[in-house]
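Enquirer: Attaching a single structure in structure tokens format; questions to follow.
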Amino acid sequence: MIISCFLFVHWINGIIFLVAVIFLIYVAAQIFLYIKNDFYTPPMWQLVNNILLVLTILFAFVWSAFDKELSSYAGGSYSAAILFFFLWSYAISQFVIDFSERETKPIYVSTNMFPVYKFNPKINDVEDHYDPAISFILGLVIAAFWGLITNT
């Protein structure tokens, strides 16, 4: 399919399709490793994933500077949408994992939104567990901020 896209459509579409396929394979491999390692990502892979995340978010905005058909507003919109998607995907996946592990690793929440703690049976103690809630709230703030910019 990739070769057909290069030969019969356009070489730019072939590159886009090739990058998309490589990205999907990488994401599938990361999900496999994450589940295989008992929902833990080694620090080296976290750094690589964070660098790729920043590059992916900035790509649309930088691309809009060079593409005459894409305005800087559209590039910023794509970047904000990608950031929102990644933040909420992380938050929702962590909420699902927390819900599925509620018997062995319960969550302790105060009457306010914070502090949030999660029991870790390996160390037999509780740990801070703020990341999913902060990611969810940050996604809401980005959506509200971009909506404000859009409306003004």
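The values are calculated or read from the model by the stated rules, or taken from the named source; none is laboratory data. This structure is a prediction, so every number in the text was calculated from the model and none was measured. When we count neighbours, we look across all protein chains shown, and the Cβ atoms used for this are built from the backbone with ideal geometry, even at glycine.
Enquirer: Pick from Ser79, Ser93: which is under 20 Å from Val141 (Cα atoms), at pLDDT 90 or above, of a type outside the set (Phe, Trp, Tyr) and out of contact with any helix residue (DSSP H, G or I) (no Cβ under 6 Å at 6 or more places or on another chain)? Walk me through it before giving the result.
Expert: Numbers: Ser79 fails: out of contact with any helix residue (DSSP H, G or I) (no Cβ under 6 Å at 6 or more places or on another chain).
Result of the check over Ser79, Ser93: Ser93.
Enquirer: Within the stretch 79-93, work out how many residues are over 19 Å from Ala65 (Cα atoms) and surrounded by 15 or more Cβ atoms within 10 Å (Cβ to Cβ).
Expert: Our first condition is that a residue be over 19 Å from Ala65 (Cα atoms); within the stretch 79-93, this holds for 84-93.
Okay, now just the ones that are also surrounded by 15 or more Cβ atoms within 10 Å (Cβ to Cβ), so 84, 86-88, 90-91, 93.
Going through the stretch 79-93 one residue at a time, the tally reaches 7.
Enquirer: Checking the structure you have, find out if any residue of the stretch 90-99 is touching a residue at least 24 places away in the same chain (Cβ under 8 Å), among the aromatic types (Phe, Trp, Tyr) and on the phi > 0 side of the Ramachandran plot.
Expert: No - not one qualifying residue is present in the stretch 90-99.
Enquirer: Applying the selection to the stretch 28-41, what residues are among the hydrophobic types (A, V, I, L, M, F, W, C), surrounded by 12 or more Cβ atoms within 10 Å (Cβ to Cβ) and part of a helix (DSSP H, G or I)? I'd like the intermediate steps shown before the answer.
Expert: Pass one, the stretch 28-41, residues among the hydrophobic types (A, V, I, L, M, F, W, C): 28-29, 31-33, 35, 39.
So of that shortlist, the ones also surrounded by 12 or more Cβ atoms within 10 Å (Cβ to Cβ) come out as 33, 39.
If the condition is that a residue be among the hydrophobic types (A, V, I, L, M, F, W, C), surrounded by 12 or more Cβ atoms within 10 Å (Cβ to Cβ) and part of a helix (DSSP H, G or I), then Leu33 is the only one that fits.
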